[in-house]
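Just so you know, all these numbers are worked out from the coordinates, no wet-lab data involved. Note that the structure is predicted; figures quoted are calculated from it, not measured. A quick note on method: Cβ atoms are made from the backbone with ideal geometry, for glycine too, and the neighbour counts reach across all protein chains shown.
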């Protein structure tokens, strides 16, 4: 458990093994809690060690769980609605049903009508055989857009991230991640009334573990131990890349001339170096007005909060919500924001 608590303070680009302990922090906390209960029942003096570790874990727990009872019952102040959603390419590779899949997402977004909408794993097809950007601009009030791609095919198909806004986008920028084929960060300077806010939209390195491989892990571990080593190396490689990527984004945020909103798929838990770097000096909208564990990953692995909306202290957030709709391997998250005069 001590290793899990140390994980947020060590860049995995320099030493990745601790990141694996950060990924399993929930498990180690539960184990130590069970030991505390066991020592109490058996009246062993060993209780002090597990107790100290649980006390040391208190700051980490504050980032993992939110209990905003009043906010959930009464609701917060209405303001500008911000949504972040990893749409998994709108279901592009579900060849038989991709149009229906895309339309389900579009209909959901039309009902939600967010004022600022940040997409990760956005797909743009200039041949318009699988229209996304043009259709969104017709459907939504958020018709100002900023798209940047991390990879492309034949100059007609593009994979990246996109930000849509009901308010004018005055400036645009991007942070490219060296060696990454599918991950990128962009920032958009958006004018909301008399204020300018810099909205970061980031998709950090993925684990690149298809769900069918997760289903086979137990069997393959028994039949082919080398397969498990390959999975381990792939995960380690992604930790190292995220460690480098997050430092470049954090530097940009620190230099922003405007208050910032950060939306994105971090592919990391709150017990990680990535989260600690990204949330430094910012507030987590989930912790401000969410409730429970705030689980955002809809895939095979349970209890993961890896999608976030962060913001500067000059911005107030409320009404944080995870929409439990299964249209991707991520749930969309949203909140209302107000700029403090």
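Given R0 = 51 Å, the distance between the Cβ atoms of residue 247 and residue 107 translates into a calculated FRET efficiency of 0.85. Taking label positions 7 Å along the Cα-Cβ direction at both residue 135 and residue 254, the computed distance is 4.2 nm, reported to one decimal.
Projecting label points 7 angstrom from Cα along Cα→Cβ for residue 174 and residue 62 puts them 3.8 nm apart. Given R0 = 30 Å, the distance between the Cβ atoms of residue 154 and residue 195 translates into a calculated FRET efficiency of 0.15. By the beta-carbon count within 10 Å of each Cβ, the least crowded to most crowded order of 274, 249, fewest first, is 249, 274. Each label point was placed 7 Å from the Cα along the Cα-to-Cβ direction; for residue 15 and residue 143 their separation is 5.5 nm.
Panel order for 197, 161, by other beta carbons found within 10 Å of each beta carbon, from fewest to most: 197, 161. Neighbour counts of other Cβ atoms within 10 Å put 271, 135 in the fewest-to-most order 135, 271.
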